[in-house]
1. In nanometres, what is the gap between the two model label sites at Val198 and Gln31, each 7 Å from Cα along Cα-to-Cβ?
2. Which order do His58, His279 fall in if you start with the one that has the fewest other Cβ atoms within 10 Å?
3. If R0 is 30 Å, what FRET efficiency do you get for Phe234 and Arg85 from their C-beta distance, rounded to 0.05?
4. For each of Ile63, Ile118, count neighbouring Cβ atoms within 10 Å of the residue's Cβ, then give the residues from fewest to most.
5. For the pair Val183/Leu56, report the inter-label distance in nm, with labels modelled 7 Å from Cα in the Cβ direction.
6. From the square roots a ≥ b ≥ c of the eigenvalues of the alpha-carbon gyration tensor of the range 192-245, which class results: rounded (a/c under 1.5), prolate (a/b over b/c), or oblate?
7. Could you work out how much longer the chain between Leu173 and Tyr156 gets when fully extended? Use 0.36 nm per residue separation minus the Cα distance between them, nm to one decimal.
8. If each of Ala255 and Ala16 carries a label point 7 Å out from its Cα toward its Cβ, how far apart are those two points in nm?
Amino acid sequence: MDTARPLRPPFLLTDAAALLGLVAVSLAVAQSALVRADPGLIGVAVTVDLTLTAALLHAWLGIRRGGLPGWTVVPVIGLGATASRLILPAEAALPDDVALLAMAAVELLVLGLVIFRITVLVRGFRAARRAGRSRLDAVEAAMRAVAPFAPGLARYVRIEAGLWTYALLGWWLPTDDKDAALVVTHHKKPQWMALVGVFVFLSLVEASLVHLWLHRAGHDVAGVVVGLLHLYGFAWLLGDAQALRRRPSRVLADAQGTRLQLRVGLRTEAWIEANNIAHVETGRFERPADDGARAALLGPANLRLRFVAPVSVTGLGGAREVNSLDLQVDDVEALTAALAAGGDRA
């Protein structure tokens with residue numbers, strides 16, 4: 001497990017002040033007469049300052065000195081790019097094709113990091129697989145080996161790899177529920193697949209109309225970007241739906257005891273020992289308890305598990321320890337009975 005460095009408030013305050021000062025100076029330059037003299041040069045200078053210069057300042061003050069994790073440089077660059085588009089007048093703003101080239105450069109830098117450390121990536125993946133971890137877990141472990149300073153990036157790559165794998169190969173991937181005492185699904189009761197079909201249809205209609213309008217208005221680059229974003233959204237919806245269908249939760253009963261392997265697609269995961277469940281409640285739960293988490297696709301949860309000892313639950317944003325967990329399952333009675341047979345509850 002990664003050990004977080006202690007935060008150092010004086011450097012964090014200095015970092016925040018430096019970034020705000022950089023924004024203030026850029027705003028003053030963008031509103032000055034210099035823009036009228038050479039709008040192109042000023043546009044590039046302001047954009048570079050709010051992205052590259054801001055990232056370097058944050059890396060030195062906020063990360064190296066202040067103790068923040070390395071991945072925080074990514075939102076700094078993103079917010080800087082957004083700020084530059086907001087404060088620069090139209091004549092000084094970078095054209096869309098330059099912005100696309102900048103985005104491509106960032107992607108190439110990430111790809112370069114992976115290629116440069118490809119041996120570390122492969123070695124980490126193989127070691128995780130030899131330890132009995134799943135392919136997706138091995139992908140995350142390998143990315144942690146490549147970029148140990150950014151655990152959030154490793155989690156993001158894991159989710160993206162899973163989404164695209166299930167989107168492209170979900171119909172043919174085998175399930176691993178043959179050893180399960182009970183297979184627990186989460187998507188049937190809320191009619192999630194029907195909703196995904198509606199979302200996909202509306203997305204295709206919207207994408208066609210927006211692309212046609214942008215093309216007629218002469219914004220061809222913007223039309224390509226919108227099309228790619230809709231394609232990505234379609235792949236995300238399909239991969240998420242296939243993961244929910246092909247990767248259900250499982251109740252496992254063996255010599256080690258009875259435990260629930262919670263897998264709500266790629267969204268939420270946890271290992272829950274049956275003898276660590278203090279109490280099971282059924283009903284309608286709109287919000288999780290103060291010390292708990294929630295794993296429901298749509299509408300209220302229908303099962304609440306309270307634990308004897310905290311359980312690590314991993315969501316899209318990472319892992320955290322909780323004392324209770326609200327679930328939305330298709331067969332509440334079957335899961336309740338399986339957990340009751342597997343452990344003593346108070």
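A short reminder: the numbers here are calculations on the coordinates, not readings from a lab. In this text, all values refer to a predicted model and were calculated from it rather than measured experimentally. Note: ideal-geometry Cβ built from the backbone for every residue, glycine included; neighbour counts use all protein chains shown.
1. It is 4.7 nm.
2. Values: His58 24, His279 12.
Exposure proxy ranking, most exposed first: His279, His58.
3. Values: r = 26 Å, r/R0 = 0.88.
The computed FRET efficiency comes out at 0.70.
4. Values: Ile63 21, Ile118 11.
The fewest-first ordering by Cβ neighbours comes to Ile118, Ile63.
5. Computed distance between label sites Val183 and Leu56 equals 5.7 nm.
6. Details: a/c = 6.79, a/b = 2.32, b/c = 2.92.
Cα axes put the range 192-245 in the oblate bin.
7. Values: separation 17, 0.36 × 17 = 6.12 nm, distance 2.16 nm.
Full extension of this stretch gives 4.0 nm more.
8. 5.6
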